[in-house]
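Q: One structure coming up, written as structure tokens, with questions to follow.
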Amino acid sequence: MVFTVLLAIASALVFGGVMLYRTLFMHEQLGTLSSAGNDEVLSRLLEISDYSRSGARMSSAKGVVIHEVASPGTSAMEQRNYYNSLGTTKANHMSSHFIVDLDGKIVQCIPVNEQALANGARNADTLAIEFCYPSEGKEPSGETYSALVKLTATLVNRFGLTADQIYRHSDISSHSEIVCPTYFQDESLWQSFLGEVM
């Protein structure tokens, strides 16, 4: 009887230790974030595919690149599911690490220790964040903007980045016709965003 009780206590301690380990360390090992500021980050990692998540490693991020999604009204999960479908459709090569939804929810698609297919020649050393927007003007909602600031600040702090290591997609693209994100092409809006992040 005593042996059974001791075995039950030992099992409970081992289980508790495993759960504590997962809580404290698994997000770090998997390259996922559990939160950005006080916002939860939903981990919805893409399946491994040469078309969206190759699994190529990134040793440490040297920058964060801000993008907009392609179409107004697209939700973060719709964008994430499109990326995930590319392994089957082979329609494109693209993805991003994070997508900020219309209501400010954050979805993580790629671990921060892996490369996304968003930043061209800078895929190997930068993280990609996309944001959703409700209408043709491509202006993020207040909730989206706030979550974008907090997520960017979280990544800046985690990787020890500076304001000049936060980029617009158009800042790093080799294609001069890229105008992304449209909303932040206004330099005063971009500088205001950088100020809030830092």
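Q: Residues in region 106-118: is at least one in contact (Cβ under 8 Å) with a residue 24 or more places away in the chain and in contact with a Cys (Cβ under 8 Å, 6 or more places away or on another chain)? Working first, answer last.
A: The initial filter retains those residues of region 106-118 that are in contact (Cβ under 8 Å) with a residue 24 or more places away in the chain, namely 106-118.
Next cut, in contact with a Cys (Cβ under 8 Å, 6 or more places away or on another chain) only: 116.
Scanning region 106-118, I find at least one residue that is in contact (Cβ under 8 Å) with a residue 24 or more places away in the chain and in contact with a Cys (Cβ under 8 Å, 6 or more places away or on another chain), so the answer is yes.
Q: Is it the case, given these coordinates, that residue 179 is more than 22 Å from residue 80 (Cα to Cα) and of a type in the set (Val, Ile, Thr)?
A: Taking the combined requirement at face value, the residue does not satisfy it.
Q: If residue 95 satisfies every condition in (1) in a loop (DSSP other than H, G, I, E, B); (2) under 25 Å from residue 153 (Cβ atoms); (3) of a type outside the set (Lys, Arg); (4) open to solvent by 40 Å² or more (accessible area, probe 1.4 Å) but one, which is the exception?
A: With respect to (1) in a loop (DSSP other than H, G, I, E, B); (2) under 25 Å from residue 153 (Cβ atoms); (3) of a type outside the set (Lys, Arg); (4) open to solvent by 40 Å² or more (accessible area, probe 1.4 Å), residue 95 is out only on (4).
Q: Return yes or no: is residue 173 buried (at least 18 other Cβ atoms within 10 Å of the Cβ), closer than 21 Å to residue 62 by Cα and not hydrophobic (A, V, I, L, M, F, W, C)?
A: So residue 173 fits the description; yes.
Q: Being free of Cβ contacts under 8 Å to residues at least 24 places away in the same chain and assigned to a loop (DSSP other than H, G, I, E, B) is the filter; apply it to region 60-90 and report the residue that is least open to solvent (accessible area, probe 1.4 Å).
A: Checked region 60-90; the qualifying residue least open to solvent (accessible area, probe 1.4 Å) is 71.
Q: If you scan region 146-162, which residues turn out to be within 14 Å of the chain's Cα centre (by Cα), more than 14 Å from residue 126 (Cα to Cα) and not hydroxyl-bearing (Ser, Thr, Tyr)?
A: 147, 148, 149, 150, 151, 153 - these are the residues of region 146-162 that are within 14 Å of the chain's Cα centre (by Cα), more than 14 Å from residue 126 (Cα to Cα) and not hydroxyl-bearing (Ser, Thr, Tyr).
The values are calculated or read from the model by the stated rules, or taken from the named source; none is laboratory data. All values reported here derive from a predicted model rather than from experimental measurement. With ideal geometry, Cβ positions are generated from the backbone for all residues, glycine too; neighbour counts draw on all protein chains shown. All accessible areas refer to the heavy atoms of the entire protein, side chains included, with ligands and DNA or RNA removed. Shrake-Rupley method; radii C 1.70, N 1.55, O 1.52, S 1.80 Å.
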